[in-house]
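Derivation of every value follows stated rules applied to the coordinates shown; laboratory data play no part. Source: prediction; values computed, not measured. All Cβ positions, glycine included, derive from the backbone under ideal geometry; neighbour counts span all protein chains shown.
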Amino acid sequence: LDIAMHGTNFVASAGREGGVKLFKYIEGTNVLEYVGSVPTLVRPLPGTTPTIVTSVEFNSLGKLFVGGSDGYLRMITFPVDFFGMDYEEMKLGVENITVVVIPSSKQKQQKEEEKVQQQPPSPILSLDVCEELEMVATAHANGNVCIYSVRDDDSGDDDGYALLGMWNPFTASKGGKSHARSVAFVSNESKQWSIVVGGGNGELWLQDIHSSLVEPSTATLDGNEQPATETSNMQLFMENSVQAIKPNHNGPVIGLASRPDGLIVSIAHDGILRVTQTFPTPKALFGLAGYKVWVGSVCIDSEGKRLISDGRDDVVVVHDFSKEPEVNDEGDL
């Protein structure tokens with residue numbers, strides 16, 4: 001269902017069998033060796049099934065953020081020097097991996113003490129990690145987008161991990177209710193931040209957020225029947241900043257990727273890859289077509305000059321914008 005890579009030789013994968021599998025690339029062999037699986041996700045309580053993991057993403061420090069079909073966001077931390085270990089050491093080190101469920105255990109205990117009744121959270125379909133804001137956004141099957149703080153406090157425990165706010169752009173949509181199929185943070189060169197959501201109905205929505213970290217929300221995860229409080233959401237989301245990004249795609253928007261200058265790339269099951277400028281107002285710049293079947297995913301290289309996408313036809317396409325356009329003697333491109 002998803003893969004993530006840390007450095008040049010470590011891969012985490014999520015499949016329909018459940019859990020997260022870990023692999024190390026052995027240099028000079030062109031082989032990915034299986035290291036092990038995240039223990040608590042593959043060996044659940046008796047009578048339960050492994051957690052189906054739908055999305056995975058590393059940050060630069062090697063922490064792995066995991067979204068599950070059970071609706072919970074998890075952070076996986078590896079032992080010290082784990083990524084520098086050789087293959088045999090890594091296999092032993094897997095047993096010392098720790099998993100934290102976000103929001104923090106402190107918040108969950110408070111909810112229990114308040115006897116708040118919650119329905120099971122909606123499955124996570126996608127997530128995006130923003131290291132600059134120390135936030136993670138998750139897109140859920142019921143249309144919700146949840147934004148979490150993943151800031152470590154001075155004590156090193158998980159008290160800084162909290163649900164900051166929640167938004168469902170599809171409740172007021174003319175297209176009706178929809179899955180939130182993809183999500184991404186995007187900023188411009190002035191460090192104005194927004195969150196972009198791609199829907200299962202082909203719609204794209206944007207809302208501006210405050211870049212300064214706010215107090216945790218009192219929202220629950222059980223759907224749009226119990227939204228975040230007005231005060232907490234106002235701290236995170238800028239007032240009257242919701243905008244639709246047009247035109248819509250003609251299929252579920254299954255991938256989003258952003259660039260630091262405010263560009264967002266969306267890709268959908270209609271086979272179209274579309275580039276949109278998000279600041280100061282959303283404006284579609286151009287679209288690229290060519291896939292005969294569903295598109296799988298999209299990413300932007302570290303220089304922001306190449307778009308890499310793949311499709312169900314087993315084809316990977318690279319759109320390279322790194323070269324300066326050629327100009328003829330008349331000054332035309």
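Taking amide hydrogens as placed 1.01 Å from N in the peptide plane, the amide H of ILE245 sits under 5 Å from those of LEU204, TRP205, LEU206, each at least 5 positions away in sequence or on another chain.
Spin-label model, LYS246/GLN277: points 7 Å from Cα along the beta carbon direction are separated by 1.8 nm. Look at where the Cα atoms of segment 49-73 and of segment 242-289 average out, and the two centres are 25 Å apart. In this structure, GLU239 and GLU95 have a Cβ-Cβ separation that, at R0 = 56 Å, corresponds to a calculated FRET efficiency of about 0.70.
Under a point-charge model restricted to the Cβ atoms of Lys and Arg (+1) and Asp and Glu (-1), what is the dipole moment magnitude of segment 1-95 relative to its Cα centre, in debye to the nearest 20?
In debye, rounded to 20, segment 1-95 gives about 300.
Residues whose amide H falls under 5 Å from that of LEU125, counting only those 5 or more places apart or on a different chain, are ALA139, HIS140, ALA141, with hydrogens built in the peptide plane.
Neighbours of ASN59, meaning other residues whose beta-carbon lies under 14 angstrom from its beta-carbon, give a summed charge of -3 when Lys and Arg score +1 and Asp and Glu score -1. For HIS179, the residues whose amide H sits under 5 Å from its own are GLY200, ASN201, ignoring neighbours fewer than 5 places away on the same chain, with H placed 1.01 Å from N.
Let me check I've understood the local charge: for PRO247, count other residues with C-beta under 15 angstrom from its C-beta, Lys and Arg +1, Asp and Glu -1. What total comes out? Summing Lys/Arg as +1 and Asp/Glu as -1 gives +2.
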